[in-house]
Amino acid sequence: MTLPHRNTTRQLRLGNVRIGGGAPVVVQSMTNTDTRDASATLEQIERLAAAGCEIVRLAVPDEKAAKALRTIAANSPVPLVADIHFDYRLAIAALDAGLRGLRINPGNIGGEGPVDNLAAAAKANAAVIRVGVNSGSVEKELLERYGGPTPEALVESALSHVRMLERRGFYDIKVSLKSSSVTDTIAAYRLMASRTDYPLHLGVTEAGTPMRGAVKSAVGLGLLLFEGIGDTIRVSLTADPAREAAVAWEILRAVGLRSRGPEIVSCPTCGRTEIDLIGMAEKVEEYVQSHPAAAASHLKIAVMGCVVNGPGEAREADIGLAGGRDKGVIFRKGKVLRSVNGQDALLAAFLEELNNLLTSAN
């Protein structure tokens, strides 16, 4: 498979994670716990890391949250980014606590003096700053000039904030330009990619509930990634943040950039289906998601219930199930492994063989 062309961007290092400059596209998410509760926040960070997040962002709304960061940073399995608005002192406190990433909007951080202090502290701590512009945070002057939060307004806002940091000799910058409009998001990132070589963090903001958010993110992020644009991604869902990581990895798999865990293919079902294929496919997916060896596996798993395409798809997978009325066949790498009577027995036998394959591969 030919991988998509990747735009050449500068490379940054956030902790032990490389961003841009040809490094793999990095998957991120954000906690939704109260950062002031270090225990709950760490528990969620660990779940996010287990789901494939390589960087996790935290809201830091006040001094109490900032004080919890030292404990959180010392015990986190992945690098952390502090999300800061309005008070530059919280950003400096986050750096003092050991975080090496900040997400800020320099336009709302308090003026020239605070930006001086923030840039100096970030430089002294070898930290990375993400200039994050959303359609809801564009300056009034730009909204009036461009007639709203257009892609051009988003880019101009971001570039003005980047220049504030550049004037202070700070260049470890990545940029995001997010809108709830997929088409505006795509246009903004295309324009930004043509005007700078800073790494770009992709996302469609306020994307919605799991189904709607996944569709909007897959279209917007997938298209940009296939065009070579984007160095880190965050899928925004109104859901458990761990689901964001799962969708992000499937987007990366779909465009041929990265993969994590097995690929599962299954029938859409039709009038020829004679087993509870939907239930069986869901149980196989749940089993894979909970299996400790699955994340490192690159198996192709087929769960099929049609006599037309089922046997062929199952035979082509590393392990596959082709089920029919009261009977099914399990294939492994093109050969019949077992023939099993009864739907429940078929699923149990398939999960047993899948476990054997996952365990032996590690």
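Worth a mention:
- Close amide-amide hydrogen proximity is noted between GLU263 and LEU299, LYS300, ILE301, each under 5 Å apart and 5 or more residues distant or on a separate chain (H modeled in the peptide plane; Pro and chain starts excluded).
- Remark: relative contact order (the range 118-270) = 17 percent; criterion is Cα-Cα distance under 8 angstrom and separation of 6 or more residues.
- Computed over the chain, relative contact order equals 13 percent, with contacts defined as Cα pairs under 8 Å that lie 6+ residues apart.
- Take the chain with all the other protein chains still there, run a 1.4 Å probe, and you get 44 Å² of accessible area per residue.
- Here the Debye sum runs over all C-alpha atoms of the range 91-159 as equal scatterers in vacuum, and log10 of I(q)/I(0) at q = 0.12, 0.13, 0.15, 0.25 Å⁻¹ comes out as -0.37, -0.43, -0.54, -1.02.
- With DNA, RNA and ligands ignored, accessible area of HIS291 (1.4 Å probe; Å², nearest 10): 20
- Note on LYS67: lysines with a C-alpha under 30 Å away, same-chain residues under 8 apart excluded, are LYS123, LYS174, LYS178.
- Accessible-area order (highest first, 1.4 angstrom probe) of the listed residues ASP240, ASP96: ASP96, ASP240
- Carbon + sulfur, % of accessible area of the chain - ligands and nucleic acids excluded, 1.4 Å: 50
- For the range 146-300, the calculated P(r) over all alpha carbon pairs, in 5 Å bins from 0 to the bin holding the longest distance, is 1, 9, 15, 16, 17, 14, 10, 7, 5, 3, 2, 1, 0, 0 percent.
- Tilt relative to the chain, helix 343-360 - C-alpha long axis, 0 to 90 degrees, to 10: 60
- Basic side chains Lys and Arg get +1 at the Cβ, acidic Asp and Glu get -1 at the Cβ, and with that the dipole of the range 213-357 about its Cα centre reaches some 320 debye.
- For GLU316 and ALA40, the difference between the fully extended length at 0.36 nm per residue and the C-alpha to C-alpha distance is 95.0 nm.
- Estimated translational D of the chain in µm²/s (Stokes, Kirkwood radius over Cα pairs; 25 °C; 0.890 mPa s): 111
- GNM remark for the chain: springs join alpha carbons under 10 Å apart, and the peak mean-square fluctuation among SER135, SER39, SER157 falls on SER39.
- Given R0 = 41 Å, the distance between the Cβ atoms of GLU141 and ARG272 translates into a calculated FRET efficiency of 0.10.
- Computed extension length for ASP326-ILE264: 20.0 nm, one decimal, from 0.36 nm per residue of separation with the Cα-Cα distance subtracted.
- Förster radius 41 Å - calculated FRET efficiency between ALA296 and ALA345, Cβ distance, rounded to 0.05: 0.90
- Stretched out straight at 0.36 nm per residue, the stretch from GLU63 to MET211 would grow longer than its current Cα-Cα span by 49.7 nm.
- Computed over the chain with a Gaussian network model linking Cα atoms closer than 10 Å, the most mobile of GLY20, GLY113, GLY230 is GLY113.
- Distance from the alpha carbon centroid of the range 61-134 to that of the range 278-325 works out to 44 angstrom.
- Point-to-point label distance, GLU166-ARG195, nm (Cα→Cβ direction, 7 Å offset): 1.1
- Annotation: lysines with alpha-carbon distance below 26 angstrom to LYS333 (same-chain offsets under eight excluded): LYS283, LYS300.
- Label-to-label distance, ALA120 versus THR183, with points set 7 angstrom from Cα along the beta-carbon direction: 4.8 nm.
- Of all the options VAL255, VAL26, VAL307, the one that moves most in a Gaussian network model of the chain with Cα springs shorter than 10 angstrom is VAL307.
The values are calculated or read from the model by the stated rules, or taken from the named source; none is laboratory data. Everything numeric here is computed off the predicted structure, so don't read it as measured data. Glycine gets a Cβ as well: all are built from the backbone with ideal geometry, and neighbour counts include every protein chain shown. The protein model used for the area step is the full one, side chains on, heavy atoms only, and it has no ligands, DNA or RNA in it. Shrake-Rupley method; radii C 1.70, N 1.55, O 1.52, S 1.80 Å.
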